[in-house]
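The values are calculated or read from the model by the stated rules, or taken from the named source; none is laboratory data. Bear in mind that the values here come from a model prediction, so they are computed numbers and not experimental data. All Cβ positions, glycine included, derive from the backbone under ideal geometry; neighbour counts span all protein chains shown.
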Amino acid sequence: MPNDTPTIDCQVHAYDRNDESNYRAVLAGPATVTGEEMVAAMDAVGVDGALLISPFTIYGYDSSYCEGVAERYPDRFGLIAPFDPNSPTVGADVEAWAERPGVVGARVVLNFESVGGDHAGVDAIMTAGGAAGIPINVLCWQNLPELRAYAQRHPDTRIVIDHVGLQQPFQPPPPDDPWVDIDQVIALAQYDNVAIKISGACTLSHQPFPYPDIWAPLSRIFEAYSFDRCMWGTDWTRATKLLTFEQGVEAFRVTDALSDDERAALMGGSLQQIYGWSPAGAG
């Protein structure tokens, strides 16, 4: 992997305000993380680009705020929006979404919806994503077995597991056994169309920066999926109560658990291949 591979965060969020006025709920995070604030945070630590995902907790299925951010900073953000599997038009909606400038993927939230492993709307999302050639990102912690059926039925759709596939905390402390479901995560590696975001992994640590206890379990995931299907990310801003953005970046830069080539693949190279996107002018 070339040394000039751009550093790309596989999942960040942005929002205009984090309060209860006209929104679904309050997200664990700062009062605001505008597009300008997110870009400034990235610039401060040398992150070239990021996949910008509309925060479901705040906006639900309305991605308009993040769409505006991506329009202002098209060279810095690829855009992903969540879709409602219970919408009767969801397949067509995903197809139309995929045609928009700056869009790199769609998302479905399995652990906030009662969808199970055989849901027509989820199948429609998967089918539309495969036809359009965009990855379908799936938040499915505590529902990992449900994803197996979709991976089997949609082998031509790139499916990306969010957040290491594991329940992650919104504030300290981390779970007593944050890796309890890791065998279920690893079992999904048998499907070649499934990739995984190593996003928010530092929030699972019981030790301070640079979080040395995450590397033994992560190495099992790297071995199962290979670095070609693993992508680093911070899940900023959900992680703000547990660590700084800089710590979420630097923990992966300073560790000796990764070779230079592995680090380059994990922190940007694999994402470019999986999503077909790179920040303009990087590298």
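For this structure, a couple of remarks:
- Residues of the range 52-66 classified as farther than 19 Å from Arg100 by Cα and among the small types (Gly, Ala, Ser), total: 1
Yes/no per residue for (1) of a type outside the set (S, T, N, Q); (2) surrounded by 22 or more Cβ atoms within 10 Å (Cβ to Cβ); (3) over 12 Å from the mean Cα position of the chain (by Cα):
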| position | (1), (2), (3) |
| --- | --- |
| Leu110 | yes, yes, yes |
| Asp118 | yes, no, yes |
| Asp123 | yes, no, yes |
| Ala128 | yes, yes, yes |
| Ile136 | yes, yes, no |
| Tyr150 | yes, yes, yes |
| Arg153 | yes, no, yes |
| Val164 | yes, yes, no |
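- Subset of the range 202-239 [in contact with a His (Cβ under 8 Å, 6 or more places away or on another chain) and either among the small types (Gly, Ala, Ser) or part of a helix (DSSP H, G or I) (or both)]: Asp213
- Within the range 196-244, the set of residues being touching a strand residue (DSSP E or B) at 6+ places or on another chain (Cβ under 8 Å) and of a type in the set (Phe, Trp, Tyr) comprises Phe222, Tyr225, Trp232, Trp236.
- Filter result for Ile58 (at pLDDT below 95 and hydrophobic (A, V, I, L, M, F, W, C)): yes
- Residue in the range 62-75 that is modelled with pLDDT under 95 and in a loop (DSSP other than H, G, I, E, B) present: yes
- Members of the range 163-197 found to be over 16 Å from Gln142 (Cβ atoms), modelled with pLDDT of 95 or more and assigned to a loop (DSSP other than H, G, I, E, B), listed by number: Tyr191, Asp192, Asn193
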